[in-house]
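Trainee: First, the structure itself, so that you have it in front of you.
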Amino acid sequence: MSGSTFGELFRVTNFGESHGPAIGCVIDGCPPGLPLTEADIQPELDRRRPGTSRHVTQRNEPDTVEILSGVYEGQTTGTPICLLIKNTDQRSKDYGNILDTFRPGHADYTYWRKYGLRDPRGGGRSSARLTAPMVGAGAVARKWLQATHGVGFRGCMTQLGEIEIPFEGWEHVPNNPFFAANVSKIAELESYMDALRKSGDSVGARIRVEATGVPVGLGEPLFDKLDADIAYALMGINAVKGVEIGEGFGVVAQRGSAHGDELTPLGFASNNSGGVLGGISTGQDVVASIAIKPTSSIRTPKGSINRAGEPAVVETFGRHDPCVGIRATPIAEAMLALVLMDHVLRHRAQCGDVQLPIEAIAAMAPGR
């Protein structure tokens with residue numbers, strides 16, 4: 001299957017199926033000499049894994065990662081790194097009733113039309129379970145970027161269904177199951193999800209993700225724009241239907257006098273651009289938001305067709321996230337990290353010797 005490899009110099013090839021023996025990835029292009037063990041990767045997988053609260057799928061996967069290659073005596077060797085995550089809690093029988101039908105809003109139909117056959121168990125290759133290896137690869141990228149450039153990553157949910165979640169502080173994100181930078185709305189979100197789960201329906205979400213300490217100069221001015229690659233990566237996450245960089249669609253109502261981020265001797269005065277101008281990073285925080293659609297695997301009966309083109313009614317059983325956005329924040333952080341890792345290596349290859357007398361000014365990033 002084509003389309004399973006992401007990146008140019010830092011390349012990640014994803015493999016496996018939702019209900020196969022294992023999932024994983026091969027990372028090619030990681031610089032040698034990076035201290036790396038499973039303990040560097042596991043915490044990120046733990047943030048994403050299923051079964052962590054009553055609001056997500058109760059599939060009980062430990063998502064324990066194994067490093068099979070590319071590391072010797074605790075350091076990367078520069079050779080391909082293979083990460084393996086075994087599947088241990090499949091219930092394939094739950095998908096028997098959709099073998100010949102297609103879930104509305106799901107990839108079932110398009111996958112079948114493209115390949116002529118499909119693995120219906122958990123969505124097979126189309127499952128959001130395949131984001132786990134990307135989170136593992138993102139953990140490797142995050143460690144290298146932090147060690148070499150001081151780049152950090154953070155994200156939060158800013159809307160669940162129709163409920164907007166005000167920002168109250170990044171310190172709240174690890175303390176609730178929604179990755180919300182908020183404490184005052186958590187009880188309302190809990191009640192909302194409990195009612196949604198009982199109704200058998202689903203809902204979407206909005207996620208904000210940021211990279212701090214980003215070097216200036218990443219990206220190209222035409223077809224390899226940094227923001228274009230970020231949008232490509234984030235749009236590749238399952239169920240994402242919209243991506244915004246910086247103020248995104250909010251710029252429609254802005255005047256040019258307000259939108260343009262003024263430069264001062266102390267740096268930028270604002271960050272409407274989301275840290276990217278002309279496809280190249282400004283040195284400010286890189287900021288993006290994603291819109292995630294409602295889960296298509298729901299108990300509510302919906303009209304469809306079978307493989308013979310005859311009318312059918314689909315009702316999905318099994319264990320599913322009533323809102324896939326609840327576990328999406330670590331995934332979005334990982335994909336952003338993979339983009340920045342790739343662009344840092346590409347920038348180093350072409351422009352590593354470029355130096356300017358105003359480099360200190362260009363590297364400043366106030367106005368966040």
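The values are calculated or read from the model by the stated rules, or taken from the named source; none is laboratory data. Since we're looking at a predicted model, the values are computed, not measured. Cβ atoms come from the backbone with ideal geometry, glycine included; neighbour counts cover every protein chain shown.
Trainee: Out of the residues in segment 313-357 that are among the basic types (Lys, Arg) and assigned to a helix (DSSP H, G or I), which is nearest to Arg54 (Cα to Cα)?
Mentor: By that ranking, first place goes to Arg327.
Trainee: State which residue is farthest from Arg327 (Cα to Cα) when the search covers only segment 294-306 and only residues that are at pLDDT below 90 and in a loop (DSSP other than H, G, I, E, B).
Mentor: Pro301
Trainee: Of everything in segment 248-274 that's hydrophobic (A, V, I, L, M, F, W, C) and assigned to a loop (DSSP other than H, G, I, E, B), which residue is surrounded by the fewest Cβ atoms within 10 Å (Cβ to Cβ)?
Mentor: My answer is Leu266.
Trainee: Sticking with this one: Quick test for you: out of Gly219, Gly204, Gly213, Gly161, pick the one residue that is within 30 Å of Lys86 (Cα to Cα) and in contact with a Leu (Cβ under 9 Å, 6 or more places away or on another chain). Steps first, please.
Mentor: Values: Gly219 fails: within 30 Å of Lys86 (Cα to Cα); Gly213 fails: within 30 Å of Lys86 (Cα to Cα); Gly161 fails: within 30 Å of Lys86 (Cα to Cα).
That would be Gly204, the only listed residue that is within 30 Å of Lys86 (Cα to Cα) and in contact with a Leu (Cβ under 9 Å, 6 or more places away or on another chain).
Trainee: Looking at segment 168-218, which of the residues that are of a type in the set (Gly, Ala, Ser) and in contact with an Asp or Glu (Cβ under 7 Å, 6 or more places away or on another chain) is nearest to Gly278 (Cα to Cα)?
Mentor: If we take residues in segment 168-218 being of a type in the set (Gly, Ala, Ser) and in contact with an Asp or Glu (Cβ under 7 Å, 6 or more places away or on another chain), then Ala211 is nearest to Gly278 (Cα to Cα).
Trainee: Only one of (1) in contact (Cβ under 8 Å) with a residue 24 or more places away in the chain; (2) over 22 Å from Ile27 (Cα atoms) fails for Met134. Which number is that?
Mentor: Going through the list (1) in contact (Cβ under 8 Å) with a residue 24 or more places away in the chain; (2) over 22 Å from Ile27 (Cα atoms), Met134 breaks only (2).
Trainee: Further question: Can you tell which of Thr77, Thr57 is surrounded by 20 or more Cβ atoms within 10 Å (Cβ to Cβ) and either closer than 16 Å to Ile298 by Cα or modelled with pLDDT of 90 or more (or both)?
Mentor: Being surrounded by 20 or more Cβ atoms within 10 Å (Cβ to Cβ) and either closer than 16 Å to Ile298 by Cα or modelled with pLDDT of 90 or more (or both) holds for just one of Thr77, Thr57, which is Thr57.
Trainee: Out of all the residues in segment 17-39, which are at pLDDT 95 or above, under 18 Å from the mean Cα position of the chain (by Cα) and not β-branched (Val, Ile, Thr)?
Mentor: Gly24, Cys25
Trainee: Examine segment 188-199 for a residue that is closer than 22 Å to Gly283 by Cβ, touching a Gly at 6+ places or on another chain (Cβ under 8 Å) and in a helix (DSSP H, G or I), and state whether such a residue exists.
Mentor: no
Trainee: Are any residues in segment 218-247 assigned to a helix (DSSP H, G or I) and over 22 Å from Val203 (Cα atoms), and if so, which ones?
Mentor: Leu226, Asp227, Ala228, Asp229, Ile230, Ala231, Tyr232, Ala233
Trainee: Residues being without any contact (Cβ under 8 Å) to a residue 12 or more places away in the chain and closer than 15 Å to Leu336 by Cβ: count how many of those fall in segment 236-261.
Mentor: Residues in segment 236-261 being without any contact (Cβ under 8 Å) to a residue 12 or more places away in the chain and closer than 15 Å to Leu336 by Cβ: 0 in total.
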